[in-house]
Amino acid sequence: MAVLDSLVKNRIITGFLMGTLVFLCILSGGKWLLILLLLFIVFASKEYTDILRNKGFLPFFKVIFIVSVAMILATASGYNNLIPFILLAGTISSFLAVLFRGRQPYIANVATTILGFLIAWMPCHICLIRELGPDVSLFGLTFKQGLYFLLFIFFVILFTDISAYYFGVKFGKHKLSPVISPKKTIEGSVAGTLSAIIVGLIIGKLIGISLLHSFTLALIITVMAQLGDLSESLIKRDAGVKDSGNSLPGHGGFLDRADSYLFSVPAAFYYIKYFILAGLTYPMINDFIKKVIYVICS
């Protein structure tokens, strides 16, 4: 019991410190947000390659690291139009690394290397969201509207994780995914989703998002956060490891702490950009689908 209490205490302290650091970097933006993302890339890339080595795969850390850093620097400096070129260069480099290093199994090493920098590409959307929209004043402070969207994402994920963990431990009886992540429960997932939506509606009201957009955005974020968590668990389970690392007491590694952001941040970015800010509507999507069908069938 004392060991369990110690683990919970370490988890709470580490979670609070990391959450505060991430919150301050998001609030500050600029070089501090860039430093945060670069630190994540350093640790997460190393954790990722170490995990897959347990499975017998040999992804190329240098390729993953260089491509990941290049994508973050391009995005943070406003040259996100270079991302397709960087991804192409990274994909070609992954094949070349295997061709000239002769590692086995060839295809698996190429695939896992490409997956490594694709995972790193997802957090780049934090920089993109940070610069979205016009300047907005709230509580006497003026920031880009994108900052408020990032805070929306941050708190929705925070309450998803806290509620899912607490209610899962307290009331969880039905396993959400017995094979991949036996500790997660349906009860915890439902509680996390409901909490996320409530928090999203409150924050959405404060920052001037409509009720429908607040609900939809919160739902997208919480669902994608939980899928990201399960997907990272899938990689670890397949490789036969419990945590991605031991850098963060009570949480494991950086990938363990950031898994909820991997899918949720990109999904939120595209919903915010095209539906909330650009005014894309569902009838417009239907018209687009009809035009695509007409072109295919004509």
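The values are calculated or read from the model by the stated rules, or taken from the named source; none is laboratory data. Fair warning: this is a prediction, and the values are worked out from it, not measured in the lab. Cβ placement follows ideal geometry from the backbone for every residue including glycine, while neighbour counts extend to all protein chains displayed.
Number of residues in the range 102-135 that are touching a residue at least 12 places away in the same chain (Cβ under 8 Å), surrounded by fewer than 15 Cβ atoms within 10 Å (Cβ to Cβ) and assigned to a helix (DSSP H, G or I) equals 0. On inspection, Ile220 qualifies as under 18 Å from Met122 (Cα atoms), at pLDDT 90 or above and assigned to a helix (DSSP H, G or I). Would you please name the residue that is modelled with the highest pLDDT, looking only at residues in the range 128-162 that are on the phi > 0 side of the Ramachandran plot and not aromatic (Phe, Trp, Tyr)? It comes out as Gly133. Against the condition without any contact (Cβ under 8 Å) to a residue 60 or more places away in the chain and part of a helix (DSSP H, G or I), how does Leu87 come out, does it pass? Considered against the rule, which asks whether it is without any contact (Cβ under 8 Å) to a residue 60 or more places away in the chain and part of a helix (DSSP H, G or I), Leu87 comes out as yes. When you look at Leu87, is it in contact with a Leu (Cβ under 9 Å, 6 or more places away or on another chain), at negative phi and not acidic (Asp, Glu), yes or no? Against the criterion (in contact with a Leu (Cβ under 9 Å, 6 or more places away or on another chain), at negative phi and not acidic (Asp, Glu)), Leu87 qualifies.
The residue that is farthest from Leu230 (Cα to Cα), among those in the range 165-214 that are touching a residue at least 40 places away in the same chain (Cβ under 8 Å) and loosely packed, with under 13 Cβ neighbours inside 10 Å, is Gly208.
Hey, could you check the range 107-127 for residues that are of a type in the set (Val, Ile, Thr) and at pLDDT 90 or above and say which is farthest from Lys205 (Cα to Cα)? Going through the qualifying residues, I end up with Val110.
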